[in-house]
Structure formats: structure tokens, C-alpha cells
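Q: Submitted below is the structure of interest, expressed as C-alpha cells.
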Number of protein chains: 2
Amino acid sequence: MSESLLSSRNLAFELYEVLDAEGLTQRERFAEHSRETFDAAIDTARSIAENLFAPHNRKNDEHEPEYVDGAAVLIPEVKPAVDAFLEAGFLNATREFEVGGMQLPNLLSQACFAHFQSANAATTSYPFLTMGAANLIEAFGSPEQKQRFLQPMIDGRFFGTMALTEPHAGSSLSDIRTRAEPAADGTYRLKGNKIFISGGDHPLSENIVHMVLAKLPDAPAGVKGISLFIVPKFLVKDDGSLGERNDVVLAGLFHKMGWRGTTSTALNFGDNSNCVAYLVGKPHQGLSYMFQMMNEARIGVGMGAVMLGYAGYLYSLDYARQRPQGRLPDGKDPTSSQVAIIEHADVRRMLLTQKAYVEGSFDLGLYAARLFDDTLTLETEAERRSALELLDLLTPIVKSWPSEFCLKANELAIQILGGHGYTRDYPVEQYYRDNRLNPIHEGTHGIQSLDLLGRKVSMNGGAALKQLLKLIHGTCQRAEAHASLTALREPLEQLLARLQTVTLALLGDLMSGKVNEGLANSALYLKVFGHTVIGWRWLEQAICAEQGLTRLNNSEGNPADADFYQGKLQAARFFLTWEVPACQHDLDLLEGRDPTCLAMQDAWF
Amino acid sequence: MSESLLSSRNLAFELYEVLDAEGLTQRERFAEHSRETFDAAIDTARSIAENLFAPHNRKNDEHEPEYVDGAAVLIPEVKPAVDAFLEAGFLNATREFEVGGMQLPNLLSQACFAHFQSANAATTSYPFLTMGAANLIEAFGSPEQKQRFLQPMIDGRFFGTMALTEPHAGSSLSDIRTRAEPAADGTYRLKGNKIFISGGDHPLSENIVHMVLAKLPDAPAGVKGISLFIVPKFLVKDDGSLGERNDVVLAGLFHKMGWRGTTSTALNFGDNSNCVAYLVGKPHQGLSYMFQMMNEARIGVGMGAVMLGYAGYLYSLDYARQRPQGRLPDGKDPTSSQVAIIEHADVRRMLLTQKAYVEGSFDLGLYAARLFDDTLTLETEAERRSALELLDLLTPIVKSWPSEFCLKANELAIQILGGHGYTRDYPVEQYYRDNRLNPIHEGTHGIQSLDLLGRKVSMNGGAALKQLLKLIHGTCQRAEAHASLTALREPLEQLLARLQTVTLALLGDLMSGKVNEGLANSALYLKVFGHTVIGWRWLEQAICAEQGLTRLNNSEGNPADADFYQGKLQAARFFLTWEVPACQHDLDLLEGRDPTCLAMQDAWF
């Protein structure tokens, strides 16, 4: 079997031909790095993912965590895998050398992490959630909180969670009911119930640090009255040793369709009125803190969706090459040998579709990760702010597009395997079940669409949108140098021109008070915007592939790469000529403010 | 909770307003029936489905059949449910009164059966497979075979299966290796292995009659050398009592992603060289016999996909009405109450999409069932043949369209429930897993597309296609009487005109030997053809809804129906203005013989 987690050749293409990872080593923060150190980190990630994560992916699914005596019990393979991840330093891949990190660019950290996400989505969740919680304390915690809670997380002794959702408040966080009462000692006492808390209990670490949203007694109503608290499972003494068990209780586990290896927990805070909590930052700022860290989490979710798609794509590709079945339409002699199913045009369509979805969004996810590096390491404040604006704008796409289309890729992977793909003897059905979570958590598809159209495209006078449009135009201009790309470029240009007009029109609605009407078809807007962005990324990849072919014509590079570049061009052609033009009709609907969905009445269903 | 299996009002609309079920009672075969007997049968079906099928649907999933001592063991709830189904006569709903049947139209039999498919896909499979096997023997078996095997099936004592697939031969049946050697007594001895045989073992009946495809020693190669055999699990003596166990062994069970309650078996025939088989009909005609019965099976599979979609739609609709979450975009006061999520435009989009997919294909499935009645009961041979041609043409759509789009509906049902929908505490995730089988079995999506474009549209000089186009034009003409339907009719007319041209062009390719090229994008053709057909059915429904509103305006009928008719119009509007025009781009690709998928090379992936 060929590579199972991702294509190394494609990763190298992304890092060194499309996204100029080596250019990052010119920046002071990454000056001690080189292509060699990058590749060494990737090799380590691949090795641990293949040897310790992938082998128990199915077992994680078949033996989901159990609730035993108030605790969650996992299969024994999870801890050694996570320990190896920690030992190799991936939890702190982007942290400074001086605190024990690898000081890698986020781009490289995501590239390494992608291997784990492909190998075993469930086991990978535990360090992923810990990274998110740690980043939150690092950004907004007090020095003492960092000492007490962050340092042990960096050391791999404490793990973390994000505790937002409540039984009656998921998408609508302004309605949370968890309360925090100030105590005499400057800490708080929390009371409330949270659900769907991933990693809310497990035996992988000494302690679990819950980052909990709750309301103070004097909180204003709504999102402006939400504060952020640290709630450790075990209290931590001044000397760093563990104290008593805090008053946070595992009330139960949720049983999911997929992603079963990750505990999804119901947590009760303060059943005995003694749940000690520590306020992070200022009162009532909790949601804005969360949102400032949301880009990372959402890139992570998007990349998770990509990697499940990637795993399914590679598996079905390998299967299609091995499995003989039927003959070509023009060769029906029943005494001839059967052909491998990859020879059938429709199987190629299903593989090419997967490739277009998976490699298109893989590129976007890594592009966003590199942009994240820009937000931290570009030279001027203005450049950094500008990079952050662009990242803010792209985040809903980075999160939602792969959640939808790499799930579709998984559906096609099953189809290629036929009846076998529907059995649990093959991995593709699990990828499909696992991936179905991604359009739901970290902000549903609908929430992402409202974030994009209702907030992101108009922020700062549309500065980010203008920036993006300029970048896409720039790519189109560079594509003009390649006559072979004309048929790929034109559909993108046609989409882009109209997207611009339609966006202005919709923003006009929003500003003139027609909010319900303007946002009614936001999901359609999200789709068109996403296809524009992915189409852009495919055109970028196509330009890089053309450049690669030119080098080969000049006898530079590895001649075996010709096939790789042709594959890139064909996938770009597929996406830009099959998928992008189909969005014109979506634009018709958006342009006409189609009222069909909004006008539908409850009583008519 | 409102109705959970299907909407009775919608079923009545289909039967009595769209498909003129009462008209069938004018035909001699159905002369003893009336709307009252039809409704009584439906009431019985609903009652048994609700009380005996639905309650163990989840348990079927959680406790899949086990392999114990060479036999499959099911949960105890399955048998009483199936027994009630048999007792009520649904196995023989369409058979003559004189053999103990209800002599119902196929339309009514499907309408009854739909309730069971919605309530519990897995348990319903056992009688479904038995009906298929029985019909095969009825059509092609000898009088003695009918006496020995069919009558006990009609009596509910024997169940049946269809045993086609082998480990190396699924879509490519011409490559099956199971052999049948003639024995001295006129029977045959079978040897071979079959996989994915649904219902291949279970404790629900005294005996299981396997309908097995195998090759005789003198068989020509390919599909023209396949014969059909009866292989009973237990031999049947001349007096009808059971004899020895036949040499067919349950080798194992497959463990599937969904549809878990139905045993999917590996069967070994003739391990001890003593598997007694009976040839059905003539040698080498087996596959053509199978294909002649395929319409029924494929309508059944399509309706199964519809009903899983229907169950998810109704569940998510009910949930959306109950679940408060968030506020409308123009009402963000956080102290105001949350609204039910059905108030959100994007949730309405997801519900309306489900309604359009589910009710559109429900109509088509019932339309096909009525057409099946026409093939048997229209007055002249020419009319019956003509109905059969149309049914043959529509069958790939009836099977594949709901398999794809009602699966999509199930995906949306999960999304509406959010995190809850992803847990096994709610039924929608099971519907999604169950429905994922439908694009695979009874001919994959790809096979259906080749059947449509490579065989059905051109058969008998395109007679069926011409008939269909004429019917759709007729509907469009009748729609012209309603000004309100102009915006719905025009997109269909635009699609239709081009579909005709494109079909001729593609058939030209096929006839001029460019077979690989002509069939390369057959999946796209299937999609456009399917959308045209479903668009047509929605326009029919819209006309009937307009007529209903007209009656209400004339003070005829139930005023409460106004909402129902408005909902029909809105769903028709959604499908015809959101979905149908999007196919224009697919037609561009088909018209241009887009070579992207065909040109993709193995080495480029």
C-alpha cells in the first residue's frame, strides 16, 4: 500500500513550492530553522502517527470510552500514543525554545499535526484541546495562573478542555446559565452544567484544566456578560502539587455516531457548591477572549476534516488500483481479464473529486496556518494587522468548507469500495462517521455563514475582503502567463466579479436594516465564497505545477515529478471547470434575494 | 410529536389528488376495491409499523445479528413484527384473492410498505427479500417449483433471498464463478461462495429459499451464460415437509456501518459437494430473469431510501419546532426569549430541502408503482408494453435519485439537531448510516448511470424517452393554466429542451463507436436526468396543489388544507428554482463531452 496518512510529495509541494516555507526562515523567530529541521519534524510526526496513532484508530471506535465509577476509561493504546506525541514536543511545537518549545512556524506545526489527524482523529483530540486551552491561558491569564496551570500543561502533566455548551445553549452562547459567585479569597464558586465537553474526563494526565464560560452576578445580559474561568479537576497547591478534587463531576458520557474514541462529557460544576474557579482576564470579556483564539481552533477543525478526507482518498485510491472489476465500455469480451476499477471513468471521477476537495482544502488550511505566522512575524504592525484581518475573513471558510466537502469525499471513498466500503472491515466508513461531526462543532455551518456574511466581509470597511480580492486578482494575473491555464482562470474571474457585486448588494441590505432578508441565504453565500477561495487556491497550485513542469523541461528537478504536476493540473481543471461555474446559479439566487426559504412558514411544512 | 413515519395528509394527496388511485378501481382486477379498502389497508400498515416495527429500530442497530453455532441470531423483537406483517397479508398484498392475496394495486402495496420502511429498514428487509424471491419463482418457476417453494413462501413459512454477489464479482456479474453440475435426477449440484447476501440466515422462518445465480458447465462466457437456481436451506419433500439440511453453510456475517439488523451473510454452497439446486426456467437465462424482476426490487430500494429520508425529515421538523435557540438577526435583545429554531431562515432551508427531496422522490416512487400497475392492467397489449418501457426507463432514477438525495436529506436532519443529532440518543444518525447502503446495493450509482445512458434511453429507438418527454411537456402545458407557476415551469422547460439535444448527441457518440467517451460522464447525465424527472413530479404536485387551493376558494374541501397546499407550492418552488437551474452547468459539461475525468491517468493521482 502507498502512503496512508497523506502524500509526502504533496506536502513538500505545499511547503516548498506553493507556500514558501523556507522563506519563513528569513524571519528572526524562525532563523534557526531550515528545510532540514522542518523535514525532520515532519518525519518524526509521520513515524509516531503511523506507529502509535493509526494502529488503534479502529479499536478506539469499537471500544468507546466507558463511564466507570465516575470516571472515563479509555483503551490502553491511547496513553502511549499521546505520551509519544508529548515526548516529541508537538504540544509545544510553536512555543519558544526557551520554554522548551520547538519554535516552529505554525505552518510546520499544522503540517506535522495533520499526520496525527489523519491517523486517528479521536486520540489526537486530547492534545489538540490541551493546546487550545493552554493558548488561552498564555494569552489572557495572569502570571500566577500561567505558573500554576499553563506550565504543567506545557510540561504535559495537565490536559485541557473548552467548556462552552450547555443543554439549552449551544449556538446561542449568550444564553448560558452557569454562574460564578465571588468568594472571599478572590476566587469564584461555579454552578452549572455543561454538555458535549470533549476530553472532559480521561486518565491521560494528572489533572484537567477546564476553560469554562460562566456569568458573574452583575453580568449584563447577552454575550457581553460572559466571563472566562479556569476550573481545574484537582486544585493545585502553591508548590504545584495536586490538592483536593474540585467540585466538578463527570455526569455522564455521550455516545456518538463517530469520533467515538474522544470522550464527549456532561460535566456538573458545583453540585456541592464548592467548585473553585479562577477568573481569566477581566470580567465579562470571556467570549471575546474565546473568539480571539477561535481562529486556531477553527483552522484545527478544518484541517481535521481535511485529513479524514485525505485518509479516505488515499485508501480508496489504493483500493481502486488493486480491485479488478468489470471491463471498459468498449471492451466487453467476457473472456478478457477484468480491469482495475481505477480504469473506469466514473471511478476516476470519484477519485478526482476527492483529490480536488482534499488537496484544495489541505492547501487552504496550510495557507491559513502560514497567515497565522504572518500575524506574529511580519515586520510592521500594519502588516501583521492586515494578515490577521485576512485570516479572520478566511477562518469561516477554512473551518466549514472541508467540513462539508471532505465529508463528501468520504462518501465517495465508501462508494469506490462498494459493499466492502459499507462494512466495518474497511476504514472508510469510520472516516465518514468521524467527519460528520465537523460541520457541527466549533460553530455549525449556519453559524459560520452568519459570521462570514454578517461580520467578516464588512469588518473594518471591508478591508479584508478587498485584500482577498486583490490577492485572487493577482493570482489570475500570474495565471495569464500560462496559456494552458486560460480555461481554468476564466471561470474563477467570472465568479469573482459577480461575488464582489453580490456582496456589496447584500451588505447594502444589512446596512439599510433589512437584516433578516440579507442574511436569509447566508449558507448559499458561504458556499459560493468557499468555492471562490478554493478555486483560487487551485489556480495557485496550477501555476506552481506549470512552473514545476517548466523546470522539468529545463532538466531541473526529478523527472518522475511530471506525473505529479499533471495530476495537480487535472485536479485544478476539474475543480475550476466542473465546480466553480456551477456557483453562477447560486449567485443568481443571492443577487435576486431569493425569498423562498425565508418565506416558508412553519404551518406549511 | 406529529406523525413519525410519513405524513398521512401527503399520502392521501399522492393517492387521491396526484395519482388517481381511485381510478384504478375501474379496472377489472381492482374492481372490488374502493378508497375505503385502500385506506383500511394503510391504517393497518401504519398501526403495525408504529407498534411493532418502530419500537425496536434502535435495538436492531445496537444488537446486530450474531453468528452462533453456524446460525444467525436476531433480537427477539424481529419475529413478532414480521409475523404481524405476514398475518395482516402484506406479503401477498398484490396477489389474487384466490391464492389468499389482497389483490391490491402495486401503488397501494407500496404505500402500505412505505410505513414499514420508515419504521425499521432492517426488519422490513426480511419480508422484502422474500417478496422478491417469490415473485421470481412465480414468474419463471415450473408448476412443481411453485408448489414446493412458492406456496410455502406465500404462506409465510419459507423466506427468500437473492444470491448474486461473489467476492470477486459484484457489479460485474458476468464474472461469477459459482458452478452448477447436472445430477442424474434432473437437479443440480452447486459449488461456490456468495457474499453480502441479505437475509441469508435468520430464525424467522422454517426454511430459506435462496435464488442463486450460477453457471452450467456448458455456459457461454459472460452474462449470457448465467443460470438461475433455487437452493433451499432445507430440502423439501414431496409432501411439503422439510427434509435434510442442504449443503449451504453460513460462513459468516458482515458487520456494516448501518442497516445492522439485517443479516448480511457469506454463504458457502457445496462445501461437501452435495448442494442440491433446481434450475429455474431455461439454462443461461438467469440474468435476464433477474433483470425482468429488477424493476420491482429497485423501486423497493428507492422507496426504502425515500422512507429513511422521510423519517429523518419528520423527526428534524418536530425537533425544530420544539427546540429554542438564539434569536432572529433583527431581534438580538438578549433578554428576550429564544425562538424555536424553525424560525431561523437557514433551518427552514434545511427543512425545505429535505421536504423537496423526500416528497419529490416519494411521489416518483409511487408514480412508478402505479406505472407497474399499468403494465399489468391497462387494456391493450400495446398500452401495457408502453407502460413497461416507461417504467424501465424511470427505474434507474427511482432507485438512484433518492439513494443520493434522501441521504443528503438525512445529513441535513442531523445538522438541524446539531450536537444532539450526532449522538445515538436520537434516531437521525441511524437513518443516515442506514441510508448510506442504498447507493451501493441493487446496482451501484455508477451501474444505474450506465444502465440509463447506455441502455434505457436508446431502447426501442428511444420510444420510452419520447414518451417521457411527451408526458413532461404535457405537464408543462397544463401548468400554463396557472400564472403563479410560470417561474416554476420555465426552468424545467429550459432543462428539458437541452436534455433532449444532449441525449441525442451522446447517443450519436455511442452509435459511432465512441463508447468510452460517450459514457464517461454518465453519472452527470444520471443527475441531470434525475433532476428533470423530479422537477417534473414537483410541477405535477404544484398543479394539484393549485387545484386544491381553487377548490378551497370555491368552499370545497377542508379549509385547514390551505397550509398543506402552500407548503407543496413552496417546496416545488424551491426545487424548481434552486435545484433545477443548477443543472444547466452539468449540461454544458455533457454537451462539451468534457474529457477531464476520462483523461485523468492512474499515475497522476
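Q: Just for the Cα atoms in region A:247-384, what are the lengths along the principal axes, largest first, rounded to whole Å?
A: 78, 49, 17
Q: Using bins 10 angstrom wide from zero, how does P(r) for chain B break down, in % of all Cα pairs?
A: Percent of pairs per bin, in order: 3, 16, 26, 27, 18, 7, 2, 0, 0.
Q: Order B:H284, A:H473 by their accessible area, 1.4 angstrom probe, all chains in place, largest first.
A: Ranked list, largest accessible area first: A:H473, B:H284.
Q: Oh, and also: Once the cut-off is 22 Å, how many percent of the Cα-Cα pairs in region B:390-469 end up in the long-distance tail? Walk me through the numbers before you get to the answer.
A: Values: 1288 of 3160 pairs.
Percentage above 22 Å: 41.
Q: Taking 40 Å² as the minimum loss, tell me which residues in region B:422-439 lose that much accessible area going from the chain by itself to the full protein complex (1.4 Å probe).
A: By number: B:Y422, B:T423, B:R424, B:Y432, B:R436.
Q: Give me Rg/Rg_expected for region A:185-246, where Rg uses Cα atoms only and Rg_expected = 2.2 N^0.38 Å with N residues.
A: 1.29
Q: Compute the label-point distances linking A:A562 to its equivalents in the other copies; points lie 7 Å from Cα along Cα→Cβ; give nm, one decimal, shortest first.
A: Computed spacing set for this position: 7.3 nm.
Q: Roughly speaking, what is the stretch gain from A:R58 to A:S2, that is 0.36 nm per residue apart minus the C-alpha to C-alpha distance, in nm to one decimal?
A: Full extension from A:R58 to A:S2 adds 18.2 nm.
Q: Something else: Once you charge only the Cβ atoms, +1 for Lys and Arg and -1 for Asp and Glu, what is the size of the charge dipole of chain B about its Cα centre, to the nearest 20 debye?
A: The calculation lands at about 980 debye.
Q: List the residues of region A:494-542 for which accessible area in the full set of protein chains is at least 10 Å² lower than for the chain on its own; 1.4 Å probe, protein heavy atoms only.
A: Listed in order, they are A:V515, A:N516, A:L519, A:A520, A:N521, A:A523, A:L524.
Q: Another one. Heavy-atom accessible area per residue, the protein assembly as shown, 1.4 Å probe: how many Å²?
A: 34 Å²
Q: For chain A, which whole-number percentage of the solvent-accessible area (1.4 Å probe, protein heavy atoms only) is attributable to carbon and sulfur atoms? Write down the numbers at each step before the final one.
A: On the way: 10580 of 20790 Å².
Heavy-atom surface of chain A belonging to carbon and sulfur, 1.4 Å probe: 51 percent.
Q: So, one more: Hey, what angle do you get for helix B:78-87 against the long axis of chain B, alpha-carbon based, 0 to 90 degrees rounded to 10?
A: Its long axis makes an angle of about 90 degrees.
Q: Still on this structure: Could you work out how far helix B:286-322 tilts from the main Cα principal axis of chain B, as a 0 to 90 degree angle to the nearest 10?
A: Approximately 40 degrees, to the nearest ten.
Q: Oh, and also: Could you work out how far the C-alpha centroid of region B:487-553 sits from that of region B:1-57, in angstrom?
A: 29 Å
Q: Here is a further query. Arrange the residues A:K256, B:K470 by how much accessible surface each exposes, largest first, with a 1.4 angstrom probe.
A: B:K470, A:K256
Q: Please give the direction-averaged projected area of the C-alpha convex hull for region A:467-605, in square nanometres with one decimal.
A: 10.3 nm²
Q: Sticking with this one: Suppose accessible area is computed on protein heavy atoms with a 1.4 Å probe; arrange B:F128, B:F574 from highest to lowest.
A: Descending order: B:F128, B:F574.
Q: Here is a follow-up. Chains A and B: what accessible area do they bury, summed, in square angstrom to the nearest 100, with a 1.4 Å probe?
A: Interface area, both chains combined: 8300 Å², rounded to the nearest 100.
Q: With axes computed from alpha carbons, what is the tilt in degrees of helix A:522-553 against the longest principal axis of chain A, rounded to the nearest 10 within 0 to 90?
A: 60 degrees
Q: For label points placed 7 Å from Cα toward Cβ, what is the shortest-first list of nm distances from A:K514 to its copies?
A: So the label point of A:K514 gives 4.6 nm to the other copies.
Q: Restricted to Cα positions, what overall size does region A:533-605 have along the principal axes? Three whole-Å values, descending.
A: If we take the Cα atoms of region A:533-605, the spans are 68, 22, 14 Å.
Q: Right, next: What residue among B:L287, B:S118, B:F128 has its Cα farthest toward the positive end of the dipole of the protein assembly as shown, where the charges are +1 on Lys, Arg and -1 on Asp, Glu, each on the Cβ?
A: B:L287
Q: How large is the dipole of the protein assembly as shown about the Cα centre if only Lys and Arg carry +1 and Asp and Glu carry -1, each at its Cβ, rounded to the nearest 20 debye?
A: 460 debye
Q: Please name the residues of region B:553-569 whose accessible area, counted over protein heavy atoms with a 1.4 angstrom probe, falls by no less than 40 Å² between the chain alone and the full protein assembly.
A: B:D563
Q: What does the copy distance list look like for A:H168, label position 7 Å along Cα→Cβ, in nm and ordered from shortest?
A: Those separations, rounded to one decimal, come out as 6.4 nm.
Q: May I ask for the distance between the Cα centers of region B:443-465 and region A:360-386, given as a whole number of Å?
A: So the separation of the two Cα centres works out to 51 Å.
Q: Give the span of region A:105-163's Cα atoms along each principal axis, as three whole-Å numbers ordered largest to smallest.
A: 37, 24, 21
Q: Per residue, what volume in Å³ does the convex hull of the Cα atoms of region B:1-94 enclose? Intermediate results must be reported in sequence, preceding the final value.
A: Values: hull volume 12.1 nm³, N = 94.
In region B:1-94, the Cα hull volume divided by residue count equals 128 Å³.
Q: Then there is this: What is the distance in Å between the Cα centroid of region A:173-228 and that of region A:239-254?
A: Region A:173-228 and region A:239-254 have Cα centres spaced 14 Å from each other.
Q: So for region B:497-605, taking the charge dipole from beta-carbon charges (+1 Lys/Arg, -1 Asp/Glu), which of B:L587, B:S512, B:L569 sits furthest toward the positive end?
A: Of the candidates, B:L569 comes out farthest on the positive side.
Q: Taking Rh as the Kirkwood radius computed over C-alpha pairs, what is the Stokes-Einstein D of the protein assembly as shown at 25 °C in a medium of viscosity 0.890 mPa s, expressed in µm² per second?
A: The calculation lands on 77 µm²/s.
Q: Quick one: how many Å² of B:L465 are accessible to a 1.4 Å probe, rounded to 10?
A: 20 Å²
Q: For chain A, what does the helix formula give at 222 nm: sum of -39500 (n - 2.57) over DSSP H segments with n ≥ 4, over the residue count, nearest 500 deg cm²/dmol? Spell out each step's value before the answer.
A: On the way: 20 runs with 310 residues, N = 605.
Result for chain A, helices only: -17000 deg cm²/dmol.
Q: Which residue is it, in chain B, whose C-beta lies closest to the B-to-A rotation axis, and what is that distance in whole Å?
A: Its Cβ sits closest to the axis: B:A582, 3.
The values are calculated or read from the model by the stated rules, or taken from the named source; none is laboratory data. None of these values were measured; they are calculated from a predicted model. All Cβ positions, glycine included, derive from the backbone under ideal geometry; neighbour counts span all protein chains shown. Side chains included, ligands, DNA and RNA excluded: accessible areas come from the protein's heavy atoms. Shrake-Rupley method; radii C 1.70, N 1.55, O 1.52, S 1.80 Å.
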